[in-house]
Amino acid sequence: MTMNDSGFSRFGYVLLALIALGWGFNWPIIKIVLWDVPPLTFRGVCLTLGGIGILILARIGGHTITVARRHWMPMLMLSACNVAAWNVFVIYGVANMSSGRAALIAYTMPLWSSLLSLRLLHERLTPQRVIALALGMAGVATLLGTDVMAFGTQLVGVLLMLGAAFFWALGVVLLKRFALPVPTVSLTGWMMLIGGVPIALVALLLEQDQWRAVGLYPALGVIYNIVVAFMFCYWAWNRIVFMVPVAVSSLSSLITPVVGVLSGMLLLQEQPTWREFVAGALILSAIALALRAPAQPARPAVPEPSNV
């Protein structure tokens, strides 16, 4: 596959676009699901079923799903950060504030991942990537705007989303650092299953009294999360992380909150303002600059079978 200087192939661009759509639309969908489904139940069901589904597809596709014993501890660490911590913090963060603002705080992730990669991966933060990071964060700050002053009333939600962003960043860096010799599809399935089962068990203990009939739109939202947001987007994101340096993959993810804001307008009838347009321009500029930056030497990507 043809690569550009940033390390992205055409396949990588397609994955990036599909992730932006899949995860971007999911932010308002999460709010819709929470109308009828308790938070831990929602995440536990989606992760567990999604993990099982991915492993079944991996097996059907001829991939090995066996993981050597020496790789289980790194996998547990990856699952704890990328799946368990991220999903628990996000689902309660969204419940305590608007989905759009929650998405914007979550996508401060590139800031933390860029800093963590300096220490853990010894990646070089080039001037071009510093500018891209500044543009991306300026876009997020523009979207937040004067709402920052209102965060005092949503402090719990803000802290939860900042925690989610940090653990996502740490998980991305560790995924690159460990570079486990496991096919991405199998790795993704195990991470989701390992993180989802404990959440589902806690939901069984704490949320049974909150279970009730689920309406059509929340039910469709659960299905969307299992198939699109979890099974596909988690796999695609892990694949991208292996393709390029952390700074590039993290900055590239900044298109998702733009889609999240636009999808909130579509699904929740939120009204656009000049902030959304300015922020979108800044974030898209950051992505373009990040993808044009020459790739720095990084750890070798996990070999993938030709049918991935």
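The values are calculated or read from the model by the stated rules, or taken from the named source; none is laboratory data. Computed from a prediction, not measured in an experiment: that's the story for all the values here. No Cβ is skipped: glycine too gets one built from the backbone with ideal geometry, and neighbour counts run over all protein chains shown. Quick note on the areas: whole protein, heavy atoms, side chains included, nothing else; ligands and nucleic acids left out. Shrake-Rupley method; radii C 1.70, N 1.55, O 1.52, S 1.80 Å.
Scanning segment 208-222 for residues that are part of a helix (DSSP H, G or I) and either on the phi > 0 side of the Ramachandran plot or open to solvent by 100 Å² or more (accessible area, probe 1.4 Å) (or both) yields 208, 209, 216, 217. Just one of the listed residues (51, 62) is of a type in the set (Gly, Ala, Ser) and in a helix (DSSP H, G or I), namely 51. Scanning segment 146-172 for residues that are buried (at least 16 other Cβ atoms within 10 Å of the Cβ) and either modelled with pLDDT under 75 or under 13 Å from the mean Cα position of the chain (by Cα) (or both) returns 154, 161, 164, 165, 166, 167, 168, 169, 170, 171, 172. Somewhere in segment 60-68, is a residue of a type in the set (S, T, N, Q) and more than 15 Å from residue 157 (Cβ to Cβ)? Within segment 60-68 (the criterion being of a type in the set (S, T, N, Q) and more than 15 Å from residue 157 (Cβ to Cβ)), the answer is yes, since at least one residue qualifies. The residue that is surrounded by the fewest Cβ atoms within 10 Å (Cβ to Cβ), counting only those in segment 67-76 that are assigned to a helix (DSSP H, G or I) and touching a helix residue (DSSP H, G or I) at 6+ places or on another chain (Cβ under 7 Å), is 76.
Look at segment 216-242: where a residue is within 15 Å of residue 168 (Cβ to Cβ) and a partner is basic (Lys, Arg) and assigned to a helix (DSSP H, G or I), sitting 6+ places away or on another chain with Cβ atoms under 9 Å, you get 241/176. Scanning segment 96-105 for residues that are surrounded by fewer than 21 Cβ atoms within 10 Å (Cβ to Cβ) and touching a helix residue (DSSP H, G or I) at 6+ places or on another chain (Cβ under 6 Å) yields a total of 1.
Conditions (1) touching a helix residue (DSSP H, G or I) at 6+ places or on another chain (Cβ under 9 Å); (2) closer than 18 Å to residue 283 by Cβ; (3) surrounded by fewer than 21 Cβ atoms within 10 Å (Cβ to Cβ); (4) not small (Gly, Ala, Ser), marked per residue:
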site: 31; (1), (2), (3), (4): yes, no, yes, yes
site: 46; (1), (2), (3), (4): yes, no, no, yes
site: 65; (1), (2), (3), (4): yes, no, yes, yes
site: 78; (1), (2), (3), (4): yes, no, no, yes
site: 81; (1), (2), (3), (4): yes, no, no, yes
site: 93; (1), (2), (3), (4): yes, no, no, no
site: 107; (1), (2), (3), (4): yes, yes, no, yes
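For residue 205, state whether it is at pLDDT 85 or above and open to solvent by 40 Å² or more (accessible area, probe 1.4 Å). Against the criterion (at pLDDT 85 or above and open to solvent by 40 Å² or more (accessible area, probe 1.4 Å)), residue 205 qualifies. For segment 267-292, name all the residues that are in a helix (DSSP H, G or I), closer than 17 Å to residue 28 by Cβ and at pLDDT below 70. Selection gives 268, 276. Restricting attention to segment 122-140, the residues that are touching a residue at least 24 places away in the same chain (Cβ under 8 Å) and in a loop (DSSP other than H, G, I, E, B) total 4. Looking at 119, 101, just one residue is over 23 Å from residue 187 (Cβ atoms) and free of Cβ contacts under 8 Å to residues at least 12 places away in the same chain, and that residue is 119. When residues in segment 115-137 are screened for being within 15 Å of residue 176 (Cβ to Cβ) and either modelled with pLDDT of 80 or more or loosely packed, with under 14 Cβ neighbours inside 10 Å (or both), 6 of them pass.
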